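S.K.: This is the structure, below, for whatever I ask next.
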Amino acid sequence: MPNENLGRRPIGYRPPLGEDVAGLPGWKPVPALSFASVPFCSICTVEIIENGHSEPVGTGWLAGPATVITAGHVIERDDRGNGRRAFAVRFPGESAPITVLDAKVHAQFGNSGPAAFDQFDIAALAIAPTGRPALLISSPGGDIEVEVPGYPNPGGIEPGTLFTHRAQAATHSPRVLLHAVDTARGHSGAPVLQVSGNTLTGTVIALHTQGHAANPDAEAHPRHNVALVLAGALEEFIQAHLAAGFN
C-alpha cells in the first residue's frame, strides 16, 4: 500500500512523468502518449454522480464493447440518495464522462460469510459503445509478474490520474490471486494484467478488490493484496453481461 507520505502532497499535485510517487518505485503516472494504446485506453474511472457533481470511487475496464467491469463494493459501498445512485465512467484523455445506463452486482455479493474479502465482489456497468477495444481475459499461472493500472484517490494527488505499478503475484487458490502491487483507495475494480517477459499485455488475469488487510495468506505472502480470478462464476457473470444496455 502507498506510504503515509502520499497524503502530504499538495491537493492537485500531478507528479512529472517518470517521478516516483511518495518514494514508491514503479508507481508512476501513465504518460498521455499511452492513453490511446492497449491496455490503458480501455481502463476508466468509475464515478458517482450526486447533485450534479461527479466523484471518482473506483477503477473499471472494458470487457466488451459496451461493458465495464469493476468491483461490486464500488457500486454498493453506500446508500447515497436512498439507493438512487447515478454513475459514470471516464476514460484517459477524455474530459467528458460517459453515463452508465445500468449497473449489476453479482447476485451472491455480500453472502460470502465471515471472510475478509467477498469472492463475488464484481459488478458490470452498461455504457454506450465507445469504439475502444475490450481487454482479453485469461487465468493466471503460478507465481508471475503483474501490473495494475488504476485511479487511486488517497488524497494529496489529483483525482482521475491514471497510475500503474508492477510487482510479483502468487496464486493462492483457483479463485484468489495475491499481488504485491502498491494500491490505494480508488484502485478497487482495477484489472490485474499479465506481464510476459518484460512486456505488459492487454490480458486481464484477475480483478483487484481489496488491500493487504484482507489477505487470507499473510504469513506466506505478507503485504499482498487480494484479487479475484475471473473464472467459474465470475467468468459466467461477465459473459452474461456483454450484451449492450443490459436489461
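S.K.: Go through (1) part of a strand (DSSP E or B); (2) touching a helix residue (DSSP H, G or I) at 6+ places or on another chain (Cβ under 9 Å); (3) not acidic (Asp, Glu) for Val192 and report which single condition fails.
M.R.: The single condition Val192 does not satisfy is (2).
S.K.: Among the residues of region 154-163 satisfying the criterion of being at pLDDT below 85 and over 14 Å from Asp182 (Cβ atoms), which is farthest from the chain's Cα centre (by Cα)?
M.R.: Selected residue: Gly156.
S.K.: Assigned to a strand (DSSP E or B) and either more than 14 Å from the chain's Cα centre (by Cα) or surrounded by 15 or more Cβ atoms within 10 Å (Cβ to Cβ) (or both): does that describe Leu207?
M.R.: Taking the combined requirement at face value, the residue satisfies it.
S.K.: Under 6 Å by Cβ, and 6 or more places apart or on different chains, what pairs join a residue from region 212-227 that is over 23 Å from Ile137 (Cβ atoms) with one that is exposed (fewer than 14 other Cβ atoms within 10 Å of the Cβ) and modelled with pLDDT of 80 or more?
M.R.: His212/Arg223
S.K.: Suppose the filter is hydroxyl-bearing (Ser, Thr, Tyr), in contact with a strand residue (DSSP E or B) (Cβ under 8 Å, 6 or more places away or on another chain), outside any strand (DSSP E or B) and surrounded by 24 or more Cβ atoms within 10 Å (Cβ to Cβ); does Thr183 pass it?
M.R.: In short, yes.
S.K.: Going residue by residue through region 176-197, is there one that turns out to be under 16 Å from the mean Cα position of the chain (by Cα) and either farther than 21 Å from Phe117 by Cα or modelled with pLDDT under 85 (or both)? Talk me through it step by step, then tell me what you get.
M.R.: Of the residues in region 176-197, the ones under 16 Å from the mean Cα position of the chain (by Cα) are 176-194.
Next cut, either farther than 21 Å from Phe117 by Cα or modelled with pLDDT under 85 (or both) only: 194.
Yes; the residues of region 176-197 include at least one that is under 16 Å from the mean Cα position of the chain (by Cα) and either farther than 21 Å from Phe117 by Cα or modelled with pLDDT under 85 (or both).
S.K.: Within region 125-153, take every residue that is over 12 Å from the mean Cα position of the chain (by Cα) and part of a strand (DSSP E or B) and give me the one that is surrounded by the fewest Cβ atoms within 10 Å (Cβ to Cβ).
M.R.: Leu136
S.K.: What number goes with the only condition from (1) closer than 30 Å to Ser54 by Cα; (2) under 17 Å from the mean Cα position of the chain (by Cα) that His241 does not pass?
M.R.: So His241 meets the others, but not (2).
S.K.: Quick one: in region 8-33, of everything that is at pLDDT 50 or above and in contact with a strand residue (DSSP E or B) (Cβ under 9 Å, 6 or more places away or on another chain), which residue is surrounded by the most Cβ atoms within 10 Å (Cβ to Cβ)?
M.R.: So, considering only residues that are at pLDDT 50 or above and in contact with a strand residue (DSSP E or B) (Cβ under 9 Å, 6 or more places away or on another chain), the one surrounded by the most Cβ atoms within 10 Å (Cβ to Cβ) is Trp27.
S.K.: Look at Phe120 and say whether it is among the aromatic types (Phe, Trp, Tyr), free of Cβ contacts under 8 Å to residues at least 60 places away in the same chain and buried (at least 17 other Cβ atoms within 10 Å of the Cβ). Let's see the steps before the verdict.
M.R.: Working: among the aromatic types (Phe, Trp, Tyr): yes; free of Cβ contacts under 8 Å to residues at least 60 places away in the same chain: no; buried (at least 17 other Cβ atoms within 10 Å of the Cβ): yes.
Criteria not met by Phe120.
S.K.: Further question: Restricting attention to region 92-107, which residues are free of Cβ contacts under 8 Å to residues at least 40 places away in the same chain and over 27 Å from Glu235 (Cα atoms)?
M.R.: If the condition is that a residue be free of Cβ contacts under 8 Å to residues at least 40 places away in the same chain and over 27 Å from Glu235 (Cα atoms), then Glu94, Ser95, Ala96 are the ones that fit.
The values are calculated or read from the model by the stated rules, or taken from the named source; none is laboratory data. Because the structure is predicted, anything quoted here is derived from the model rather than measured. Methodologically, a virtual Cβ is constructed for each residue, glycine included, from the backbone with ideal geometry; neighbour enumeration extends over all protein chains shown.
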